[in-house]
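Remarks on the structure that follows.
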Amino acid sequence: METYRNIYLVLAAMLLLCLAPMPYGYYTLVRFASAVIFCVMAYRFYEQKREGLMWTAGALAVLFQPFLKLALGRTVWNIVDVIVAVGLVVLWWRERQWEK
């Protein structure tokens, strides 16, 4: 279980790295990785009967999916990236505390 939660931190770091000027391919990679990870998280939350987190993860998977891109502009995407990264760190921390 611990290994899975560490993915939260890796994804949060990837999202925060989007604040720096990176090659376009990096942003596409982050969108794809985010969509996959959020889909897995949504399924995991569904199994745990954590409906609010399931819907949140599902919505984030749709938002970050790389196939039908939502053009929000760089500033808005930066804000979204920071908010989601902070949310992932908080979720990582809370799940660590629940396990103890």
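The values are calculated or read from the model by the stated rules, or taken from the named source; none is laboratory data. Bear in mind that the values here come from a model prediction, so they are computed numbers and not experimental data. When we count neighbours, we look across all protein chains shown, and the Cβ atoms used for this are built from the backbone with ideal geometry, even at glycine. Side chains are part of the model used for accessible areas, which takes the heavy atoms of the whole protein and leaves out ligands, DNA and RNA. Shrake-Rupley method; radii C 1.70, N 1.55, O 1.52, S 1.80 Å.
As for the stretch 32-41, it holds at least one residue that is touching a Pro at 6+ places or on another chain (Cβ under 6 Å), modelled with pLDDT of 90 or more and within 19 Å of LEU9 (Cα to Cα).
Determine whether the stretch 64-73 contains at least one residue that is over 10 Å from the mean Cα position of the chain (by Cα) and in a helix (DSSP H, G or I). Within the stretch 64-73, none of the residues are over 10 Å from the mean Cα position of the chain (by Cα) and in a helix (DSSP H, G or I). No other residue among LEU15, LEU29, LEU19, LEU68 is of a type in the set (A, V, I, L, M), surrounded by fewer than 15 Cβ atoms within 10 Å (Cβ to Cβ) and in contact with an Asp or Glu (Cβ under 8 Å, 6 or more places away or on another chain) apart from LEU19. Could you list, in sequence order, all residues of the stretch 32-52 that are open to solvent by less than 60 Å² (accessible area, probe 1.4 Å) and either of a type in the set (A, V, I, L, M) or within 20 Å of TRP77 (Cβ to Cβ) (or both)? Selection gives ALA33, SER34, ALA35, ILE37, PHE38, MET41, ALA42. In the stretch 53-63, the residue that is nearest to the chain's Cα centre (by Cα) out of those that are open to solvent by less than 100 Å² (accessible area, probe 1.4 Å) and over 10 Å from ALA35 (Cα atoms) is THR56. For GLU95, the conditions (1) exposed (fewer than 12 other Cβ atoms within 10 Å of the Cβ); (2) closer than 14 Å to ILE7 by Cα all hold with the exception of (1). Any residue in the stretch 63-88 that's over 19 Å from MET22 (Cα atoms): show its pairings with residues that are modelled with pLDDT under 90 and aromatic (Phe, Trp, Tyr) at Cβ separation under 8 Å, as long as the two are six or more apart or on different chains. If the second residue must be modelled with pLDDT under 90 and aromatic (Phe, Trp, Tyr), the pairs left are LEU88/TYR8.
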